[in-house]
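The values are calculated or read from the model by the stated rules, or taken from the named source; none is laboratory data. Note that the structure is predicted; figures quoted are calculated from it, not measured. Neighbour counts run over all protein chains shown; Cβ positions are idealised from the backbone, glycine included. The protein model used for the area step is the full one, side chains on, heavy atoms only, and it has no ligands, DNA or RNA in it. Shrake-Rupley method; radii C 1.70, N 1.55, O 1.52, S 1.80 Å.
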Amino acid sequence: MLTMRAVSLAGAPSTAPAVGRRPASRPARLGRRASSTPTPPRDASCRVVQDPLSSMSSADFDDAFDARASGSIDLDQSFRREVVERDTAETLRRTIAQMGGAPIQDPREFVSTDEQRLVTAGLFASCAALCARGVAGVAAGEDGGDPLAYGGLLATAALAFWLSDAGVGIFHWSVDNYGSKKTPVMGGIIDAFQGHHKYPWTITKRQFANNIHTTCPATMCVSVPLLLAPGLGPNQCVFAGVFCSMVVLSQQFHCWSHTKKSELPALVLAAQDAGLIISRKAHGAHHKPPFKGNYCIVSGWWNEVFDGTGFFYALEKKIYDATGVAPRCWSEDEDFAVQEDAPEGWGDGIL
């Protein structure tokens, strides 16, 4: 019997040709029964759309096993791929169903607390201090007062803002697609992102500090040590200060991208229309099952780059080939329930 190296759904390598494993050298196309050609087209969509064995009769299984007995390599590989796709589809459905849970029902949980305001203020204070240190460094340097030196700081700030969109997008992609609420350290954040897919209205009800405070402690682990680090140049200080602040503010930009235009301040609307921050229309493309693409939520500028080049899809294929773990965006569960609007009267008198 043919023996080949396979990758199981748990990611462990094996040399046994057991059913439920896929040759490591071949990419899988999840959710569709394999055709007579073992390898799918290069541009085939790698998504779970149905149980690939649902259309297989008992005769199909008999034929496949007969083919294996007669030494047909192509049919043997095709059959294995179908079983792997079936198991992967079921794993994704089960994982997604367990994520997110029910939305928080008590409106008081959306009100900012003094502790949340304090940690938020601490983060922005450290970012402002970094920027101030950068300006002071230019003023005290050999080029003190030189407009070009200050212009360099402004260019650095613009670069940090531009790149923060990419950084936040990569983080958003990772928590949207990998891990679960049981994942150490990040489990709560991962589950919250899945809950947001089910109940996107909740983010619009949170007060400012309540909405962004969860990202502050981790970001302060970067901003505060950099602020205290000796030898940091002016441009480095400004870059770190702007980048860290944008990482945190991305959650507020995200909130505004779900808020009705009639409820947004004119300045926010102008910034959205100018493409400075993510707009409702631009982010709305992400909120369609399976929540694939358009992960960047600062300005959204990098979405065209990442999605247009297939950057994330290439990463997903490499991860799947190496571990057998499929991202959640490979699933297309049409039964995924999305609640766009808050219940009538929810939060009245409290928020």
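Descriptive notes on the structure:
- Between residue 109 and residue 221, the simple label model (points 7 Å from Cα in the Cβ direction) yields a spacing of 2.5 nm.
- Most to least packed among 238-251, 287-300 [average Cβ atoms within 10 Å]: 238-251, 287-300
- Range of Cα positions in segment 248-328 per principal axis (Å), largest first: 48, 22, 20
- Take each peptide in 219-227, 264-272, count the other Cβ atoms within 10 Å of every residue, and average; sorted highest first, the result is 219-227, 264-272.
- For residue 321 and residue 139, the FRET efficiency from 1/(1 + (r/R0)^6), where r spans their Cβ atoms and R0 equals 56 Å, is about 0.60.
- The radius of gyration of the Cα set in segment 208-351, together with its Dmax, comes out at 18.6, 56 angstrom.
- Proximity of backbone amide H atoms, modeled 1.01 Å from N, is registered between residue 331 and 48 at under 5 Å, excluding neighbours fewer than 5 places apart on the same chain.
- Calculated diffusion of segment 133-240, Stokes-Einstein form, Kirkwood radius summed over Cα pairs, 25 °C and 0.890 mPa s, µm²/s: 147 µm²/s
- Debye log10 I(q)/I(0) for segment 285-351, one point scatterer per Cα, at q = 0.26 Å⁻¹: -1.15
- Taking the Cα centre of segment 211-351 as reference, the dipole from Cβ charges on Lys and Arg (+1) and Asp and Glu (-1) amounts to some 520 debye.
- Accessible area per residue for segment 219-307, computed on protein heavy atoms with a 1.4 Å probe, is 47 Å².
- Exceeding the 31 Å Cα-Cα cut-off - candidates 261/288; 181/317; 261/318; 181/261; 198/261; 261/317: 261/318; 181/261; 261/317
- Rule-of-thumb Rg ratio for segment 205-257 [Cα; 2.2 N^0.38 Å; N residues]: 1.29
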